Every structure is written in structure tokens, then in C-alpha cells.
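The values are calculated or read from the model by the stated rules, or taken from the named source; none is laboratory data. Note that the structure is a prediction, hence the values are computed from the model and not measured. Cβ coordinates were reconstructed from backbone atoms using ideal geometry, including for glycine residues, and neighbour counts include every protein chain displayed. Just the protein is used for accessible areas: all its heavy atoms, side chains included, with ligands, DNA and RNA removed. Shrake-Rupley method; radii C 1.70, N 1.55, O 1.52, S 1.80 Å.
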Amino acid sequence: MNSIFNELLELTKEPKIAYFSMEIGIQNDIPTYSGGLGVLAGDTIRSGADLKLPMVAVTLISKKGYFRQELDERGRQTEHPVSWDPSQYMTLLPTRISVQIEGRDVAVQAWLHKVRSLTGGSVPVFFLDTDVQGNMLEDREITSYLYGGDQTYRLKQEIVLGIGGVRMLHELGFEIKKYHMNEGHSSLLTVELLNMYKRPIEDVWDERLVWDVDRVKDLCVFTTHTPVEAGHDKFPYELVKRIVGELIPFYVLKELGGRDYLNMTLLGLNLSEYINGVAKKHMEISRNMFPGYEISAITNGVHSYTWTCDSFKRLYDKYLPAWANEPELFVRVGRIPDEEIWNAHMEAKKNLFDYIKAEIGIEFDLETFTIGFARRATAYKRPDLLFSNIERLERIGAGKLQIVYAGKAHPQDETGKRLIEKIFSFKERLKDKIKMVYLKNYDMEIALRLISGVDIWLNTPLRPREASGTSGMKAAHNGVLNFSVLDGWWIEGYIEGFTGWSIGPPPTETGLVENMDTRDADDLYNKLEYIIIPLFYNDRHTWIRMMQNAIGKNAYYFNSHRMMRRYVPEAYIR
Ligand SMILES: *Cc1c(COP(=O)(O)O)cnc(C)c1O
């Protein structure tokens, strides 16, 4: 116990930036993440530790994880809770705080895990947990399932994260310089801060002025990740009244969080001095969605060391020493001989194919051009676009193409589940001409194998729904070329035929949201047939030049070290 107190004393010596996220992908076997948002949070923290930034992070313990995906022979998904033991990875702290939920006091405890860097830096992460003796059974489950349950369950989780998180940091003795909300799930923290910094009633001439909105705004940073209206968390005030109660008067809450619903994004926006989207295009979309707010852009990045496979790590160590903490060194990628780049790629490809053999029993061919696609199985990602003209795909690819897919559908996303089944039926249909597999239970480990072990990384989202996207940045770190719709980060990263290829019309055209499928698919097939596949087989030299460009231009820029080096001056210390 004593050592924990000493450690906390040490941790709280310096004022910190507090990073709040519903999910954080710390490492593969800590299942407190579901996808892009959580992995980004993990990369943010890893770069924070490498750069020795004064940060702490707060999230939920998600004791039963997101879910483990099983797929039957027809691609029907079943979800299974993940069992893991937090005490293997983190320390339970003796500190307790409580939050009010449905009028009850619910006790909250916290687990501490420190993300350590080889540079000597570290970032403490606090995992909040309501599975405390004395809490009602129902309340003990609040921090069990990531994105599980209904709206009521979600709101309870957001009370624990936002309000509980601020109280926990305070109780532990932290002085917080900035609160950074990674998406709206933690926006209730602003309400707790409004209460903390309330002016005494006798000092003001109007009772509204007890709420020091400017003081709270000064403390808060908000990053939005959602480019569509429907994606933002909204709760009816009836529900808020019943579950949260009246933390601040409702007329004040409605002014800040929306008249008809409590909109968590709006609440975050109204109480943050600095607001950003996660790519330049996403900033424009967000400005249109929330007129009147000053919204900046800091384009996402990925943690270079985490998302580089072993063979490329060795290559970078040899030719670009110290690259991991200074990804700008990728600018000198031209020093690496072509042959060594190709060999590192073939090693990564073999590593993926060995995994496929072990998992599915199908032998992939190392010399054959291979497309990778893996992301959340949901409608806007259009995982079926590649198959929209199956005869043409068969003609283009017979004997020349292999395909690897992966991705989970959210348990309540029936369309997403149907999409996986659809992909399985295409796989069956193609099996005599084109080898194809669907890997189950996509996670960080499979992601690394996949993004490094294929020849091109395909992305076909429906514009403008990909706020940023990050898996393509991971691919670039391993010399894997992107072939993607112009949305999110790729608008900033692509140079046609140089760092990769685009699909469909340029991003300057607007009003493209509907009925793009045929146009996008035609472009996809044309480029595959006439440009990409011929280049792969007939001009290896140019292909490797493009791999170098992906590293020297895309990985050079789209990494989380660059991202954090921008957050510090633009969001944290301004
Ligand atoms: C990187 C990553 C994602 C995000 O990929 P997108 O292309 O942004 O959708 C999702 N899941 C896992 C496991 C990842 O590693």
C-alpha cells in the first residue's frame, strides 16, 4: 500500500493534461477498445509517454471487454464476452469516490496502469470501475460492457466517465491544466467542472452568473470524430432527469447542451475553448454541422513504433536509427536499398500468410498480388463495393489476385452483420478463381499483421463519413500502398500514382453522398485492371519507389508524434 501512496504522490507533483476517452487500446490483451477511436486514444497516450508530456488518461475498465467475434461457415456472427483479469495488468487503488445515478450513490474505484516508453516517459491511465462491494448488482455492471446495452446504460457509463473521472482525479490529488474530451462520451465532465468552479451567490448580481462558463471553457479541449448528425450521443431530457438528476439547473443545461435533447457534442463544444476535427475535410464538415463554432483541424496520426512490423523495424533501425521517437527521419527513406524494402515486405507477407494457414487452413501464394480490407463491418464503410460487379472482379483477378478481409459488426448493427454474410457468399462464389479469406475477431494484433502483410490496403467508405481513418496510415508505415476513396486523411495523403491511388471523384465535388456506388466501383475496377495489377507484376522498380513514397511522405506525416506536437501548442498550452 505504501508504495502506491508514494507513487501517487510522485504522479501528482506536476499539473497534468487529462485525456478522457470511453475506450483506450493500450495493448491487444487489454480489451478496453472496440476500434479506431480507442486505438487512436492508445496511440495518443503512447506518443505522450515517448515525448514525456505531462498527461494522465481516464477511461472505463470494461471488464467484459467489447466482445470476441465468432463466425460460422456462412459468416453469421456471434458475440462472446471477453474474460480478462485487470489485476494482471494494473493496480487497484484504495481511493473511492461516488456519483449519483437514479438518485443512488454509486461507489467508483480505479485501476492504475502506466504506459511506459523506452524514453523513460510514462502516462498513467486510470480505469474506472463500479464493480464495488456495496453497490447494487445492477450498478456493479455499469463498467462491464464497452458500448453495450441501451441508452440508459450508456448514460450511466457517461456519468461514471465524465463526472466520476473528474472526481477521481481530484480525489487522487491531481491538479489538471486541461481536460481533453476525446469525443462526446465524456462531456458530462464539463457539468462537474461548472459545479466545481461555481461563484458564490453573494458575489453575483444575477443567479445565472454563478456558472463560470468562461473559466470552464479555459480548461477544456474537445475533439469531435463524428461527421454525421446521427452519430452524436443524444439523450432525452426525461431520461437525463431520471438517471442523472439535476446537477445544474435544467435551464442552464439546456442552454449548453441543446433544447430538445442533451446532445453530448454540443455540450462539449459550448464548454471548450479549443475544438478540433480529425482531418481537414472533417473540420469543414463539422463547421457546417455546428455553425458558429470555431473548429480547427489536427489530422490524426498513428504511433509509428506500434504500427511498424518487425521486419520494417529492423530496416529502419539499420538505416534511420532513432526513427521511432523522431518519425521525421522517414524523410531519408531513400537511403534504404530497394531489395531490402522488398525483402522486408515479403517477410511481413509471409508472416500474414502463415497466420492465415494456421487459422483457416488456406495456403496463400507469396508472389500473388494481395488486397487487404479490414475495418468495422458497417454500411458506410461499404465492404461490399469491391464485389459490386462480381463477374468483372473475377475476370480481372482470376489467377492474379488474393483477398484478405476482417472486421467485427457492432452487436446491434444488423446491417453490418448482413454485410459479413454477404462477403462470405462472395468468397464462396469466387473460390475457384480468387483465393479469399475472412479473418475473425479483428483486433490490434491482427491489424498489424494485415496492414503490413498485404500489397495494397483498400478503403471504400461513403463520403464524407470517414472522419479520418487511421488503418491506411498504419499500412503506409510498412510500405503498403493505399487504394482509397478520397475522404478523411487520404485527401491529405494521396498523390495519385505516387503515394497510392484514389477511388472515385476528387474531394472538391460536393453533394456526392448518394448514388456513388457505381461510379466508385467503375473507377476501382478500372484502376485495378489497367494500372495497379499490371504495375505490380511488370514494374517492380516503380512499385518499390511508391512504397518508399508511402513511407517518406505518408508515414513521415501521419504519425501520432506529429499529432501530439501540434496538440501541445494549439490546444493544451495556448
Ligand atoms: C487501426 C484500427 C482501427 C481503425 O481503422 P480505420 O481504418 O480507421 O477504420 C480499427 N480497429 C483496429 C483493431 C485497428 O487497429
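Do we have Glu7 as more than 16 Å from the ligand (Cβ to nearest atom), more than 18 Å from the chain's Cα centre (by Cα), outside any loop (DSSP other than H, G, I, E, B) and assigned by TED's automatic domain parsing to the domain that holds Gln157 here? Working first, answer last.
Details: more than 16 Å from the ligand (Cβ to nearest atom): yes; more than 18 Å from the chain's Cα centre (by Cα): yes; outside any loop (DSSP other than H, G, I, E, B): yes; assigned by TED's automatic domain parsing to the domain that holds Gln157: yes.
In short, yes.
Counting the residues of the range 204-237 that are more than 21 Å from the chain's Cα centre (by Cα) and within 26 Å of Asp413 (Cα to Cα) gives 3.
Criterion first (surrounded by fewer than 22 Cβ atoms within 10 Å (Cβ to Cβ), touching a residue at least 60 places away in the same chain (Cβ under 8 Å) and within 16 Å of the ligand (Cβ to nearest atom)) does Arg376 satisfy it? So that I can check it myself, show each step before the final result.
Numbers: surrounded by fewer than 22 Cβ atoms within 10 Å (Cβ to Cβ): yes; touching a residue at least 60 places away in the same chain (Cβ under 8 Å): yes; within 16 Å of the ligand (Cβ to nearest atom): yes.
So Arg376 fits the description; yes.
For the range 282-322, a tally of residues being touching a residue at least 24 places away in the same chain (Cβ under 8 Å) and farther than 25 Å from Lys350 by Cα returns 12.
Quick grid of which residues meet (1) more than 14 Å from Trp457 (Cβ to Cβ); (2) not assigned by TED's automatic domain parsing to the domain that holds Asp384:
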{"site": "Gly472", "(1), (2)": "no, no"}
{"site": "Ala476", "(1), (2)": "no, no"}
{"site": "Asp522", "(1), (2)": "yes, no"}
{"site": "Tyr537", "(1), (2)": "yes, no"}
{"site": "Phe558", "(1), (2)": "no, yes"}
{"site": "Val568", "(1), (2)": "yes, yes"}
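Of the listed requirements (1) more than 19 Å from the chain's Cα centre (by Cα); (2) among the hydroxyl-bearing types (Ser, Thr, Tyr); (3) open to solvent by less than 20 Å² (accessible area, probe 1.4 Å), Ser452 misses just one: (1).
Across the range 388-405, a minimum of one residue is classified as assigned to a helix (DSSP H, G or I) and either within 16 Å of the ligand (Cβ to nearest atom) or open to solvent by 50 Å² or more (accessible area, probe 1.4 Å) (or both). Here Gln88, Gln77 are screened, and the one residue that is within 16 Å of the ligand (Cβ to nearest atom) and open to solvent by 10 Å² or more (accessible area, probe 1.4 Å) is Gln77. Among the residues of the range 17-56, the ones that are assigned to a loop (DSSP other than H, G, I, E, B) and more than 15 Å from the ligand (Cβ to nearest atom) come to 4 in all. Listed conditions (1) within 20 Å of Gly184 (Cα to Cα); (2) open to solvent by 40 Å² or more (accessible area, probe 1.4 Å); (3) touching a Pro at 6+ places or on another chain (Cβ under 9 Å) are all met by Leu146, apart from (2).
Can you pull out the strands (runs of 3 or more DSSP E) entirely within the range 444-508 that have at least 1 residues that are within 13 Å of the ligand (Cβ to nearest atom)?
On the way: elements: 456-459, 481-485, 500-503.
Per the criteria, 456-459, 481-485.
Filtering Ala555, Ala571 for residues that are in a helix (DSSP H, G or I), touching a strand residue (DSSP E or B) at 6+ places or on another chain (Cβ under 6 Å) and touching a residue at least 40 places away in the same chain (Cβ under 8 Å) leaves a single hit, Ala571.
Pairs are defined by a Cβ separation below 7 Å, a sequence spacing of at least 6 or placement on different chains, a first member in the range 168-190 that is more than 23 Å from Val228 (Cα to Cα), and a second member that is in a helix (DSSP H, G or I) and of a type in the set (Phe, Trp, Tyr); the pairs so defined are Lys178/Tyr572. Counted as qualifying within the range 73-173 are the helices (runs of 4 or more DSSP H) with 3 or more residues that are farther than 18 Å from Met22 by Cβ, namely 137-140, 165-172. Please enumerate the residues belonging to the range 524-564 that are surrounded by fewer than 20 Cβ atoms within 10 Å (Cβ to Cβ) and of a type in the set (Ser, Thr, Tyr). If the condition is that a residue be surrounded by fewer than 20 Cβ atoms within 10 Å (Cβ to Cβ) and of a type in the set (Ser, Thr, Tyr), then Tyr525, Tyr530, Tyr537, Thr542 are the ones that fit.
Among the residues of the range 428-442, is any farther than 19 Å from Glu347 by Cβ, buried (at least 23 other Cβ atoms within 10 Å of the Cβ) and within 11 Å of the ligand (Cβ to nearest atom)? No; the residues of the range 428-442 include none that is farther than 19 Å from Glu347 by Cβ, buried (at least 23 other Cβ atoms within 10 Å of the Cβ) and within 11 Å of the ligand (Cβ to nearest atom).
Out of the residues in the range 365-383 that are outside any loop (DSSP other than H, G, I, E, B) and touching a Pro at 6+ places or on another chain (Cβ under 8 Å), state the one that is farthest from Leu450 (Cα to Cα). Even if it seems obvious, please write down each step before you answer.
Going through the range 365-383, the residues outside any loop (DSSP other than H, G, I, E, B) turn out to be 369-374, 379-381.
Narrowing further to those that are touching a Pro at 6+ places or on another chain (Cβ under 8 Å): 373, 380-381.
Values: Phe373: 8, Tyr380: 21, Lys381: 18 Å.
Only one residue fits best here, namely Tyr380.
Assess whether Thr415 counts as being farther than 24 Å from Ile533 by Cα, β-branched (Val, Ile, Thr) and open to solvent by 50 Å² or more (accessible area, probe 1.4 Å). Taking the combined requirement at face value, the residue satisfies it. Here Gly258 fulfils each of the conditions (1) more than 30 Å from Ile26 (Cα to Cα); (2) surrounded by fewer than 18 Cβ atoms within 10 Å (Cβ to Cβ) apart from (2).
One residue stands out among those in the range 341-373 that are within 16 Å of the ligand (Cβ to nearest atom) and open to solvent by less than 20 Å² (accessible area, probe 1.4 Å): the one that is nearest to Thr415 (Cα to Cα), which is Phe373.
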